[in-house]
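Take a look at the structure below.
The values are calculated or read from the model by the stated rules, or taken from the named source; none is laboratory data. All values derive from a computational prediction rather than experimental measurement. Cβ coordinates were reconstructed from backbone atoms using ideal geometry, including for glycine residues, and neighbour counts include every protein chain displayed. Accessible surface areas use protein heavy atoms only, side chains included; no ligands, DNA or RNA. Shrake-Rupley method; radii C 1.70, N 1.55, O 1.52, S 1.80 Å.
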Amino acid sequence: MATTERDPWGDRFSDEERALLTPFVTDVDAPVFGLRNLPDVVRGALFSRYSRSDKSLRRILLDEFIQAPEADFQSIVALSADAAAHQIVAVQRAEAFYERVLIGYGDDSVAELGGAHVACEGISNIAAKALEDSRIGISPLEKSTRYVAFNRKVEGRYRYLREPTIMASRHAAVYEAAMDALFDTYSALIEPVLAAVRAHTPPEEGVSERAYASATRAKTFDLLRGLLPLATLTNVGLFGNGRAFEYLLTKLYASPLAELRSLAAALQRALDDQIPSFVKRAKSERGKAYQAYLRDTRQEAQSLAESIASRMRAIVPPVADVVPVTLVSFDPDAEARVVAAILYPHLDVPLAEARAIADAMCADERAGVIRAYAGRRESRFHRPGRAFEEARYTFDLLADIGAYRDLQRHRMLTQERQRFGVHHGYVVPPEIDAYGVGSPFRTALDQAGVCVAAIAADLPDESQYAVPFAYRVRWRVTLNLREAYHLCELRSAPQGHPGYRQIAQEMYRRIAAVHPVLAEGMRFVDMSDYALERLDAERRLDEKRRKREQGR
């Protein structure tokens, strides 16, 4: 048996061992290597054992998995025709192996070592928002209302959810009539609005026909998306780890909406075919108890809120507030907190002492530290460090649902919305009136508003499906300064939708008003207005294509 090179952990692998390892690691000798040809459950078991052993990963793989006396690993390895070069690990048998081995090693975090891609098609926008509400662990990608027309019919019917509870109620006919009117109006206005957009923004010299056509079409769909109801069917692709999917399933199972509970069952089936052991607890007794807890606490909080609000109406007068962006609270001592956090890693002192130093500094000294820490940012991708997370802001936002849909995708913050409804009114883009199509636009929205109000009297949760994107929704956001840099700069970029660009711009103004020094480094907040938001992005795409063609 020949010996081989020694790795940094002192391992020596025989030729036979190297042959066994080769199909499953990208490098038998290097200290940094990848795993391959192993199902997620085996990788999870391996990493879990790795965290509790003094052995190298490759040695654990050999001793405790491949060459285990009970030969469990060998029983889940099926050799291909070219056994020396390829080995395939059968997932179903690996699951049984997981049950016997991983459970003995692991904890909840091990479920983060397995992931899956899942497509959720033909779901409502309410369901899409529920999927995208996960803060970490799941990355969603949704069908865009900017690049895709939503007016195609299937078997003569527009693609929106005929919500079963609504369709079984006395509101079914009114619901379908209002939804069809929205889609009829959306369809009828596409061509005249597109023609008006092009008439008002003729092509500039040097802009390709492709870029111009794409930008004007995107502008048209942006202007008309307010007509789409939350019942509109869409597609969402997800990639996530097992632990995040387990929590997502638990929340969906606990939802008051039948669609989300059905989606949970469908998602469970899809994940059971890929990472079953990582999501099985969502439907276990533990999972069911968690679902009951979520349902009970939601219902109790709702009942208390309604009771308290009713009792307090005589004491606390309602606030007639239609301001899109309200800065509700912020840290008065944010500068000192941030400066202390900047100094802390460079000093061998307790945090309390670093804070005392920051407090003793004059304003100009603190400003100098903050400016040095933010540095010479040359693009929005140059983000200041974690010290900026010490400053926090809470906003109350009121905007059309279309803008909310985009801003909701920011997850490194705390946000929570109120129920979708029609009592805050709707937003009509000024171009719609300028192009002479404001009347049919408003008529469709008003009809939907009447429908929502009628359904809400009997079915408040289900009534949300009938709410068009143009109606406003209120939600709260708490974020730190570091995330504010990211959100305000990204969402104010020229290619953004005007609705959320205005929100990002106003959030920046409010932060700068209370903390000018901290906001000083936000150099890439774009405060301008643009006729064709996508045009510059399409120009850049043309340039990239030209360079790619020249490089061939």
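The condition of being loosely packed, with under 14 Cβ neighbours inside 10 Å and over 27 Å from CYS120 (Cα atoms) does not hold for GLU155.
Is it true that some residue in the stretch 113-125 is modelled with pLDDT of 95 or more and within 30 Å of GLN268 (Cβ to Cβ)? Within the stretch 113-125, one or more residues are modelled with pLDDT of 95 or more and within 30 Å of GLN268 (Cβ to Cβ).
If you check ALA367 against the conditions, is it farther than 30 Å from GLY449 by Cα, touching a residue at least 24 places away in the same chain (Cβ under 8 Å) and surrounded by fewer than 18 Cβ atoms within 10 Å (Cβ to Cβ)?
Working: farther than 30 Å from GLY449 by Cα: yes; touching a residue at least 24 places away in the same chain (Cβ under 8 Å): yes; surrounded by fewer than 18 Cβ atoms within 10 Å (Cβ to Cβ): yes.
Answer is yes for this residue.
When restricted to residues that are in contact (Cβ under 8 Å) with a residue 24 or more places away in the chain and open to solvent by less than 80 Å² (accessible area, probe 1.4 Å), the stretch 302-324 contains 3. Quick one: would you say GLU431 is open to solvent by 10 Å² or more (accessible area, probe 1.4 Å), closer than 25 Å to LYS219 by Cα and out of contact with any Phe, Trp or Tyr (no Cβ under 9 Å at 6 or more places or on another chain)? Yes; evaluated as a whole, the condition is true for this residue. If only residues of the stretch 264-289 that are open to solvent by less than 70 Å² (accessible area, probe 1.4 Å) and among the polar types (S, T, N, Q) are counted, the one that is modelled with the highest pLDDT is GLN268.
Just so you know, in the stretch 385-405 the residues that are among the acidic types (Asp, Glu) and crowded, with 20+ Cβ neighbours inside 10 Å include one that is nearest to GLN464 (Cα to Cα), and it is ASP400. ILE136 fulfils the conditions (1) open to solvent by 30 Å² or more (accessible area, probe 1.4 Å); (2) at pLDDT 90 or above except for a single criterion, (2).
Of all residue pairs spaced 6 or more apart or on separate chains, those with beta-carbon atoms under 8 Å, a first member in the stretch 451-464 that is farther than 17 Å from LEU161 by Cβ and touching a residue at least 60 places away in the same chain (Cβ under 8 Å) and a second member that is assigned to a helix (DSSP H, G or I) and hydrophobic (A, V, I, L, M, F, W, C) are ALA454/VAL174.
Please find, within the stretch 239-262, the residue that is farthest from the chain's Cα centre (by Cα) out of those that are under 14 Å from GLY114 (Cα atoms) and open to solvent by less than 10 Å² (accessible area, probe 1.4 Å).
By that ranking, first place goes to GLY242.
Residue-by-condition table, conditions (1) of a type in the set (Phe, Trp, Tyr); (2) surrounded by 14 or more Cβ atoms within 10 Å (Cβ to Cβ); (3) touching a residue at least 60 places away in the same chain (Cβ under 8 Å); (4) at negative phi:
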position	(1), (2), (3), (4)
PRO140	no, yes, yes, yes
TYR147	yes, no, yes, yes
LEU161	no, yes, yes, yes
THR165	no, yes, yes, yes
ILE190	no, yes, no, yes
SER208	no, yes, yes, yes
ARG225	no, yes, yes, yes
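Close Cβ contacts (under 6 Å, 6 or more residues apart or on different chains) running from residues in the stretch 18-39 that are under 20 Å from GLN274 (Cα atoms) and in contact (Cβ under 8 Å) with a residue 60 or more places away in the chain to residues that are open to solvent by less than 60 Å² (accessible area, probe 1.4 Å) and part of a loop (DSSP other than H, G, I, E, B) comprise PHE24/LEU38.
With a requirement of 2 or more residues that are open to solvent by 40 Å² or more (accessible area, probe 1.4 Å), farther than 20 Å from LYS219 by Cα and at pLDDT 90 or above, the helices (runs of 4 or more DSSP H) lying completely within the stretch 440-552 that satisfy it span 481-491, 498-514. State whether the residues of the stretch 326-334 include one that is within 17 Å of ALA111 (Cβ to Cβ) and either polar (S, T, N, Q) or at pLDDT 95 or above (or both). Checking the stretch 326-334: not a single residue is within 17 Å of ALA111 (Cβ to Cβ) and either polar (S, T, N, Q) or at pLDDT 95 or above (or both). Summed over the stretch 173-188, the residues that are in contact with a helix residue (DSSP H, G or I) (Cβ under 6 Å, 6 or more places away or on another chain), open to solvent by less than 30 Å² (accessible area, probe 1.4 Å) and either of a type outside the set (S, T, N, Q) or within 16 Å of ALA453 (Cβ to Cβ) (or both) give a count of 5.
Right, SER75: hydroxyl-bearing (Ser, Thr, Tyr) and modelled with pLDDT of 85 or more or not? Here the answer is no, as SER75 does not meet what is asked.
Condition check ((1) assigned to a helix (DSSP H, G or I); (2) within 30 Å of ARG474 (Cβ to Cβ); (3) within 24 Å of the chain's Cα centre (by Cα); (4) of a type outside the set (Val, Ile, Thr)) across all residues:
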residue	(1), (2), (3), (4)
ARG269	yes, no, yes, yes
LYS280	yes, no, yes, yes
ARG286	yes, no, no, yes
GLN291	yes, yes, yes, yes
GLN299	yes, yes, no, yes
SER303	yes, yes, no, yes
SER307	yes, yes, no, yes
SER310	yes, yes, no, yes
VAL319	no, yes, no, no
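Residues satisfying the criterion are absent from the stretch 325-341 (criterion: assigned to a helix (DSSP H, G or I), without any contact (Cβ under 8 Å) to a residue 40 or more places away in the chain, farther than 17 Å from GLU389 by Cβ and touching a helix residue (DSSP H, G or I) at 6+ places or on another chain (Cβ under 6 Å)).
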